[in-house]
Amino acid sequence: MNKKVLITGGTGLVGSELTPMLQAAGWQVAVLSRSKDAAAPYEIFEWDYHKDYIEEGAFNNVSAIIHLAGASVAGQRWTAERKEEIFNSRTKTSHLLFKKLSETEHEVKTFVAASAIGYYGNDTGNATIKESAPVGHDFLAHVTDAWETATSRVSTLGIRLVQLRIGVVLSQKSGALMELIKPPITAPLGKGNQYMSWIHIEDLCRMFMHALEEEKYTGAYNAVGPKPTTNKALTKAAASAFGKPFMPIPVPKLALKIFLGEMAQIVLGGSRISCEKIMTEGFEFKFPKLEEALKDLKSR
């Protein structure tokens with residue numbers, strides 16, 4: 001089998017960490033991007049879902065695709081235009097990949113797609129949620145359901161499909177952790193007792209590599225760590241690890257809604273997600289405990 005993988009969203013939070021790990025493991029990496037970059041340490045092919053375009057040759061010698069593309073759900077306020085971009089950047093890119101794969105001679109055997117625990121809804125309370133749980137009813141659940149439906153079409157081409165439903169990714173570069181410790185004084189958000197199902201960025205990338213390389217993986221898996229914790233506990237632990245003052249008085253729900261608009265549901269809701277399924281496949285976490293994860297990220 002050719003060890004060449006084509007990645008979408010390669011410059012994002014996960015892609016930028018995953019790419020060097022893949023290269024170190026002997027994979028040749030190519031990236032689908034909206035623009036070329038001569039300085040990039042990998043081959044780049046241009047694509048544009050608005051124009052239904054993927055550069056010729058992108059699938060040459062590729063045995064696997066890792067599909068990470070999608071506009072950030074927390075990057076901007078949710079205007080009607082932004083919500084459309086969040087939806088289209090996931091579903092239309094997935095439809096484009098399926099279309100081009102169905103029209104092109106290729107050697108692709110594996111397709112590993114990003115998804116999100118938002119599939120279950122923004123607030124599932126204290127119940128432990130497994131992959132068999134039903135889809136939620138809010139905006140992000142609608143997006144994620146449509147996203148998975150779009151990527152699922154790839155399996156009709158005889159390609160092994162894995163969908164990783166990603167939780168709160170802890171990274172020292174960007175994302176939820178950096179937002180939590182950004183203010184001069186950290187504090188819980190809303191009630192603070194909502195669950196955050198987190199995962200260390202390295203463990204998440206290792207999950208993608210396991211899903212890529214081990215054929216027993218198929219279907220949907222929750223990509224979260226084994227020890228979900230509350231917003232208050234995670235914020236307090238992050239503040240301690242990064243030397244920030246912590247105030248136990250929560251930021252009021254109303255203030256968050258005024259500041260963030262509809263996007264506030266991301267931080268006000270919570271989910272206690274199970275990773276039992278992926279652990280039964282033999283996946284072992286390098287950072288199962290929050291304190292260990294934070295200590296490692298602080299040292300980077």
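The values are calculated or read from the model by the stated rules, or taken from the named source; none is laboratory data. Quick caveat: nothing in here was measured; it's all calculated off a predicted structure. A quick note on method: Cβ atoms are made from the backbone with ideal geometry, for glycine too, and the neighbour counts reach across all protein chains shown.
See the values below:
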{"item": "Thr149 being loosely packed, with under 15 Cβ neighbours inside 10 Å and either out of contact with any His (no Cβ under 6 Å at 6 or more places or on another chain) or not in a helix (DSSP H, G or I) (or both)", "result": "yes"}
{"item": "Residue that is surrounded by the most Cβ atoms within 10 Å (Cβ to Cβ) [pool: residues in the range 69-93 that are basic (Lys, Arg) and under 17 Å from Asp138 (Cβ atoms)]", "result": "Arg90"}
{"item": "Some residue of the range 153-167 being modelled with pLDDT under 95, among the charged types (D, E, K, R) and either assigned to a helix (DSSP H, G or I) or within 21 Å of Gly75 (Cα to Cα) (or both)", "result": "no"}
{"item": "Close pairs from the range 277-289: first surrounded by 15 or more Cβ atoms within 10 Å (Cβ to Cβ), partner polar (S, T, N, Q) and not in a loop (DSSP other than H, G, I, E, B), Cβ under 8 Å, at least 6 apart", "result": "Lys277/Asn222; Ile278/Asn222"}
{"item": "Residue pairs meeting the criteria (Cβ under 6 Å; at least 6 apart or on separate chains; first in a strand (DSSP E or B), in the range 36-60; second of a type in the set (Gly, Ala, Ser))", "result": "Glu43/Ala30; Ile44/Ser33; Phe45/Ala58"}
{"item": "Only one of Val112, Val73, Val143 that is modelled with pLDDT under 95, within 17 Å of Gly12 (Cβ to Cβ) and under 14 Å from the mean Cα position of the chain (by Cα)", "result": "Val73"}
{"item": "Single residue of the range 114-142 satisfying the filter (assigned to a strand (DSSP E or B) and touching a Lys or Arg at 6+ places or on another chain (Cβ under 8 Å)) that is farthest from Ala220 (Cα to Cα)", "result": "Thr128"}
{"item": "Residue tally, condition within 12 Å of Lys182 (Cα to Cα), under 27 Å from the mean Cα position of the chain (by Cα) and in contact (Cβ under 8 Å) with a residue 60 or more places away in the chain, over the range 233-260", "result": "3"}
{"item": "Residues being buried (at least 19 other Cβ atoms within 10 Å of the Cβ) and either among the hydroxyl-bearing types (Ser, Thr, Tyr) or not in a helix (DSSP H, G or I) (or both) - total across the range 94-113", "result": "7"}
{"item": "Residues satisfying the stated conditions in the range 251-300, i.e. within 18 Å of Ser240 (Cβ to Cβ) and part of a helix (DSSP H, G or I)", "result": "Leu290, Glu291, Glu292, Ala293, Leu294, Lys295, Asp296, Leu297, Lys298, Ser299"}
{"item": "Those residues of the range 76-93 which are in a helix (DSSP H, G or I) and more than 19 Å from the chain's Cα centre (by Cα), in sequence order", "result": "Ala80, Glu81"}
